[in-house]
Structure formats: C-alpha cells, structure tokens
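Beneath this line is the structure, given in structure tokens, with notes to follow.
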Amino acid sequence: MKVEVTITDQQANAAPSKKTLSVVVADALNGSVRTTAMFPGVGPVPLNMDAQPTILADGKMRLYLTLQYDLPSPSILGRKSGSEERQPTSTSISERLMLIVENGKSLVAAQSADPVSDRQVTLEVKATILR
C-alpha cells in the first residue's frame, strides 16, 4: 500500500506551504520516513512519519499514523510576517491517529493551530492499495 500525507502550513495572509511524504508498505507492517534539517539558532528541525496500514474485510484500510512536524517561524526562514515580536522561533506538532480510510480517497485527518500565532496546519491522508 502507498500512504501519502500532505501537510499544509498556513500563516496569516502568506501563501500556504505544502509538504508531501509518502511510503510504500506491506499490509499490517510499518513504514517510516525521517527527515531532519538544521537551522541556525533553532537546531534540528524534524519531519517524521510512521504508517501502519491494514486492509479490512470490506476493502477499507485501518491506518495507524504518527507524525512529528517542526517548522521554524517565517521570520527565522527569512520571510517577514509583520509581527515578529509575537512569533515563536518554531512550531512543533505531534499527532498520533488511528483512521479508517477508503482506498485512494483523500481525508483531512487533522487540523491544528499554533497556540501563540495564527499559524494553522492541516494534515491530509490518502492510502492506496497497490496491485
């Protein structure tokens, strides 16, 4: 099965930033994606995903998904948001989800907001059975 996750990161009136992760994994087994970038003044910035899909009798899939997503603030990245004095240096999102998904159909699985700024992050998931 192929598991695709699209993260949409939106802050204020800035254009949304999208990140897509995908992993191909066998039925009922684990797959992982690990990525780390280094930012001066912030340190390591991880983007990690674990997925374990299981095909159910009705053709749907049970998907256990974990995601760790950290991203420096726009001011750290060199973009000005207009209110840097209130901006955190980074935002960290950790999600652990158990979903029932239909083959090949996208699902908005989670939405989160930064507790300090107006940043919003949406997590869209799609699992496809490969034959």
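The values are calculated or read from the model by the stated rules, or taken from the named source; none is laboratory data. Since we're looking at a predicted model, the values are computed, not measured. Positions of Cβ are generated from backbone atoms using ideal geometry, with glycine treated the same way; all protein chains shown enter the neighbour counts.
Within the range 1-12, count every residue that is part of a strand (DSSP E or B) and at pLDDT below 95. Full working, then the answer.
Keep residues of the range 1-12 that are part of a strand (DSSP E or B), which gives 2-10.
Adding the requirement that they be at pLDDT below 95 leaves 9-10.
Of the residues in the range 1-12, 2 are part of a strand (DSSP E or B) and at pLDDT below 95.
Got at least one residue in the range 117-127 being closer than 12 Å to Val3 by Cα, modelled with pLDDT of 90 or more and of a type outside the set (A, V, I, L, M, F, W, C)?
Of the range 117-127, the ones closer than 12 Å to Val3 by Cα are 124-127.
Cutting the leftovers down to modelled with pLDDT of 90 or more gives us 124-127.
Now drop any that are not of a type outside the set (A, V, I, L, M, F, W, C), which leaves 124, 126.
Within the range 117-127, one or more residues are closer than 12 Å to Val3 by Cα, modelled with pLDDT of 90 or more and of a type outside the set (A, V, I, L, M, F, W, C).
Condition first: outside any loop (DSSP other than H, G, I, E, B), among the hydrophobic types (A, V, I, L, M, F, W, C) and closer than 22 Å to Val25 by Cβ. Now tell me which residues in the range 94-131 satisfy that. Let's see the steps before the verdict.
Let us first name the residues in the range 94-131 that are outside any loop (DSSP other than H, G, I, E, B), namely 94-101, 107-113, 120-128.
Of the ones still in play, those that are also among the hydrophobic types (A, V, I, L, M, F, W, C) are 97-101, 107-110, 113, 121, 123, 125, 127.
Answer for the range 94-131, where residues must be outside any loop (DSSP other than H, G, I, E, B), among the hydrophobic types (A, V, I, L, M, F, W, C) and closer than 22 Å to Val25 by Cβ: Leu97, Met98, Leu99, Ile100, Val101, Leu107, Val108, Ala109, Ala110, Leu123, Val125, Ala127.
In the list Ala28, Ala15, which residue meets the criterion of being at pLDDT below 95 and in a loop (DSSP other than H, G, I, E, B)? Break it down stepwise before answering.
On the way: Ala28 fails: at pLDDT below 95.
When all the criteria are applied, what remains is Ala15.
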